[in-house]
Amino acid sequence: MGLGAAALGSLLNPTQLLGNNNSGILGAPHHAPKAKRIIFLLQSGAPSQLDLFDYKPLLNKMNGEQLPDSVRQGQRLTGMSAGQSSLPLAGSQFSFKQHGKSGAWVSELMPHTAGIVDDLCFIKSMHTEAINHDPAITFIQTGSQIAGRPSMGSWLHYGLGSDNENLPAFIVLVSKNKGGQPLYARLWGSAFLPSKHQGVPFRAGADPVLFLSNPPGIDNQDRGKMLKYLQRLHELELEQTGDEELTNKIAQYEMAYRMQTSVPEALDLSDEPEWVFDMYGPDSRDPGSFAANCLQARRLAERGVKFIQLYHQGWDQHLKLPAGIKVQARETDQASAALITDLKQRGLLEDTLVVWGGEFGRTAYSQGKLTKTDYGRDHHPNCFTIWMAGAGVQAGVNYGITDEFGYNVVSNPVHVHDLQATILHLLGVDHERLTYKHQGRYYRLTDVHGHVVKPILA
């Protein structure tokens, strides 16, 4: 009876058993937030902005001609194209049209995104210092090119806590069966922040969270009994060592216990009507696909998960870009647009921020041989495009301008740290005031600079 009462009390008021505080270190946001949660659709490998959103007809007019030195201005190239004898400009093989009241230019590759442009805020003047994939994706996720810093989701969980007692505040979904640049757990890790703030990956299939299910012969009562004694052992160790990480371990075990019920319910799509699957596209019926993960993201948003991170690999088209980007666009376009539409019709877009983009852009010149039907594009940190939608962001906006070659930003540059500062601002956090002291220094997501991009705020 005592154990049953404790387990029931844990489920009814999970913080009571452990004395955990679910509100985060800030206690309350620095200012009134526009967003309660974020869904980050990270397109790993770097989509070509020149073939999707940043229309540059001059590239088609000058197709095959050399990139002018006056445009490059001596900027560094990657080791993959630095040795090329020529840098021929490559116009896009795909047609562009203007859409919506905003007049946003969108490639034929993204017809579903084209249909929602008036809900989106395009930032075409993103830039970063990182020129290779791992430093660049680490930078946009953690604020540093060097591994060892907490991810954005971890910072938000640390600062703001959780809005759901029975699900992690930070959940990661990775599209299955995708090649391309590798993804490392440190991209959603908590680094020097307490480990309870790290992201929790959810996988497709019958066992979405590793080691969550009870082993054969063990039921929930046995599991609860084990956790009770494990908690006591950790408390004894804590008394002797003072290691606060033990409290994080206790909290994680208790969360796992509650997730045995909450995760299957959250991921069970059997109650979704057919029209929802049709909206997200045929892949939405394939667990682990990007489309299925977008639908799962909406369900997690409904349940108060604060940071939902999706990764879709395979955008790294150094060669044979026209064929490769068609596949990537087909896998992501409909579901991304459906997510915005779905959130909007349920009233969730009002307090959910959605971000779509990669870690950097692609070059205006062709890497490798340029032909009439084929080309590739190398890494390009100087400018790239992302889009945002939802809480606190102006809809139907095109912000920032690149030059007519799509090589340099000429108006309203937005650095990666500016993007991070803006995201935190929308969630009610002053990026300069959310800090953590580690090894004698105060760290923050935006390191030592970054400004909120106020012109895009609603």
Can you tell me which condition residue 124 does not meet? The list is (1) surrounded by fewer than 20 Cβ atoms within 10 Å (Cβ to Cβ); (2) under 25 Å from residue 326 (Cβ atoms); (3) under 20 Å from the mean Cα position of the chain (by Cα); (4) not hydroxyl-bearing (Ser, Thr, Tyr), and all the others hold. (1)
Among the residues that make up segment 399-410, is at least one of them over 27 Å from residue 75 (Cα atoms), aliphatic (A, V, I, L, M) and either surrounded by fewer than 17 Cβ atoms within 10 Å (Cβ to Cβ) or in contact with a Ser or Thr (Cβ under 9 Å, 6 or more places away or on another chain) (or both)? no
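Condition check ((1) of a type in the set (A, V, I, L, M, F, W, C); (2) outside any loop (DSSP other than H, G, I, E, B)) across all residues:
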residue	(1), (2)
179	no, no
205	no, no
214	no, no
230	yes, yes
237	no, yes
248	no, yes
258	no, yes
261	no, yes
Can you go through 117, 106 and tell me which one is in contact with a Gly (Cβ under 6 Å, 6 or more places away or on another chain) and either of a type outside the set (Phe, Trp, Tyr) or buried (at least 19 other Cβ atoms within 10 Å of the Cβ) (or both)? 117
Among the residues of segment 58-67, are any closer than 18 Å to residue 317 by Cβ and in contact with a strand residue (DSSP E or B) (Cβ under 7 Å, 6 or more places away or on another chain)? yes
Verdict on residue 90 being modelled with pLDDT of 95 or more, on the phi > 0 side of the Ramachandran plot and within 31 Å of the chain's Cα centre (by Cα): no
If you go through segment 335-365, how many residues are polar (S, T, N, Q) and either within 21 Å of residue 375 (Cβ to Cβ) or buried (at least 24 other Cβ atoms within 10 Å of the Cβ) (or both)? 3
Checking residue 293 against (1) farther than 16 Å from residue 340 by Cβ; (2) in contact (Cβ under 8 Å) with a residue 40 or more places away in the chain; (3) assigned to a helix (DSSP H, G or I); (4) among the polar types (S, T, N, Q): exactly one of these is not met. Which one? (1)
Suppose the filter is assigned to a helix (DSSP H, G or I), touching a residue at least 24 places away in the same chain (Cβ under 8 Å) and either of a type in the set (A, V, I, L, M) or out of contact with any strand residue (DSSP E or B) (no Cβ under 8 Å at 6 or more places or on another chain) (or both); does residue 42 pass it? no
Pull up segment 177-187, narrow it to residues that are out of contact with any helix residue (DSSP H, G or I) (no Cβ under 6 Å at 6 or more places or on another chain) and surrounded by 16 or more Cβ atoms within 10 Å (Cβ to Cβ), then point me to the one that is farthest from residue 43 (Cα to Cα). 186
Of a type in the set (Gly, Ala, Ser), crowded, with 19+ Cβ neighbours inside 10 Å, at pLDDT 95 or above and over 23 Å from residue 290 (Cβ atoms): does that describe residue 148? no
Out of 139, 96, report the one residue that is surrounded by 19 or more Cβ atoms within 10 Å (Cβ to Cβ), at pLDDT 95 or above and more than 30 Å from residue 373 (Cα to Cα). 139
Restricting the first residue to segment 137-165 and requiring it to be under 30 Å from residue 265 (Cβ atoms) and assigned to a loop (DSSP other than H, G, I, E, B), which pairs with a second residue that is among the aromatic types (Phe, Trp, Tyr) and at pLDDT 95 or above meet a Cβ separation below 9 Å and a spacing of at least six or different chains? 150/158; 150/192; 150/436; 150/443; 151/170; 151/188; 151/307; 162/170
Test: residue in segment 424-445 that is under 21 Å from the mean Cα position of the chain (by Cα), surrounded by 15 or more Cβ atoms within 10 Å (Cβ to Cβ) and among the basic types (Lys, Arg): yes
Of residues in segment 371-398 being β-branched (Val, Ile, Thr) and assigned to a loop (DSSP other than H, G, I, E, B), the one surrounded by the fewest Cβ atoms within 10 Å (Cβ to Cβ): 373
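Results for (1) among the acidic types (Asp, Glu); (2) touching a Phe, Trp or Tyr at 6+ places or on another chain (Cβ under 7 Å), shown as yes or no for each residue.
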position: 173; (1), (2): no, yes
position: 182; (1), (2): no, no
position: 200; (1), (2): no, yes
position: 204; (1), (2): no, no
position: 225; (1), (2): no, no
position: 243; (1), (2): yes, no
Going through segment 204-219 one residue at a time, which ones are surrounded by fewer than 16 Cβ atoms within 10 Å (Cβ to Cβ) and in contact (Cβ under 8 Å) with a residue 60 or more places away in the chain? 205
With small (Gly, Ala, Ser), out of contact with any strand residue (DSSP E or B) (no Cβ under 7 Å at 6 or more places or on another chain) and farther than 30 Å from residue 64 by Cα as the only criterion, which of 390, 440, 376, 406 stands out? 440
Of the criteria (1) at pLDDT below 95; (2) part of a strand (DSSP E or B), which one residue 368 fails: (2)
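The values are calculated or read from the model by the stated rules, or taken from the named source; none is laboratory data. If you're wondering where the values come from, they're calculated on a predicted model, not measured in any experiment. Cβ coordinates were reconstructed from backbone atoms using ideal geometry, including for glycine residues, and neighbour counts include every protein chain displayed.
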